[in-house]
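**Q** Before I ask anything, here is the structure I am working with.
The values are calculated or read from the model by the stated rules, or taken from the named source; none is laboratory data. Since the model is a prediction, treat every value here as computed from it, not as a measurement. All Cβ positions, glycine included, derive from the backbone under ideal geometry; neighbour counts span all protein chains shown. Ligands, DNA and RNA are excluded from the accessible area calculation, which covers all protein heavy atoms including side chains. Shrake-Rupley method; radii C 1.70, N 1.55, O 1.52, S 1.80 Å.
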Amino acid sequence: MESVAKALEEILSSALPQGCITVGVYEAAKALNVDPDNVVLCLLAADGEEDVALQIHFTLIQAFCCENDINILRVSNMRRLAEILGGVKPGAEAMDLHCILVTNPQSALWKDPALSKVNRFCTDCRCLDQWVPVVNLPDR
C-alpha cells in the first residue's frame, strides 16, 4: 500500500507541470463529459465530512468512470494532497480537492511506471470486488 501511495505522489508530481491535472468536482465532470478517453485516473478525496451532495457527486463520477474504464482511487489525507499539488496560494481561493483527474498529455501516450503500478493496484482490487480502493497518503 505504501508503494502505491508513493507511486500516486509521483504521478501527481509529474502530471502537474505538464498540465495534466484537473482539480474540482465541477471541472472534473466537465472534462469527463468532453473527453473521457483522455482520462487515465480519477481521485476522489473526502475530509471526513458527511456532505450528502458531495456523496451524490462521487456516486455519479464513480459510475461514469466505471462505465468508461477509468481507474478510480479514494484518497485520504487532503492536506497532503494539497501539498503535492502546490498548496493553497496566499490570497487565492482554496482548491476543491474532492475530485482530481489525471489526463494523458496531448503530445504522446504517457508511459509512466508509477501509473502502471497504480493501474495494477486498481485492477487487483477490482478482482477482490473492491471497486474504489482507498490509498492513504502519508504525511511528510
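**Q** FRET efficiency for Gln18 and Asp69, Cβ-Cβ distance as r, R0 = 30 Å, nearest 0.05?
**A** The pair Gln18/Asp69 has a calculated efficiency of 0.85.
**Q** Rounded to the nearest percent, how much of the accessible area of the chain (1.4 Å probe, protein heavy atoms only) is carbon and sulfur? The partial results should precede the final answer.
**A** Numbers: 4190 of 7790 Å².
Solvent-exposed carbon and sulfur of the chain make up 54 percent of the total.
**Q** Got the relative contact order for the chain handy, in percent, Cα pairs under 8 Å and 6 or more residues apart?
**A** Once normalised by length, the contact order is 41 percent.
**Q** If I build a Gaussian network model for the chain, linking alpha-carbon pairs within less than 10 angstrom, which residue out of Val40, Val52, Val118 has the largest mean-square fluctuation?
**A** Val52
**Q** Can you give the calculated 222 nm mean residue ellipticity of the chain, where each DSSP H run of n ≥ 4 adds -39,500 (n - 2.57) and the sum is split over every residue, rounded to the nearest 500 deg cm²/dmol?
**A** -14000 deg cm²/dmol
**Q** Using Cα centres only, tell me the gap between the stretch 109-129 and the stretch 1-71 in whole Å.
**A** The stretch 109-129 and the stretch 1-71 have Cα centres spaced 14 Å from each other.
**Q** Pick from Ala46, Ala15, Ala63: which is most flexible by mean-square fluctuation in a GNM of the chain where alpha carbon atoms under 10 Å apart are linked?
**A** Of Ala46, Ala15, Ala63, the Gaussian network model singles out Ala63 as fluctuating most.
**Q** Hey, another quick one. Taking a probe of 1.4 Å, how large is the accessible area per residue of the chain, in Å²?
**A** 56 Å²
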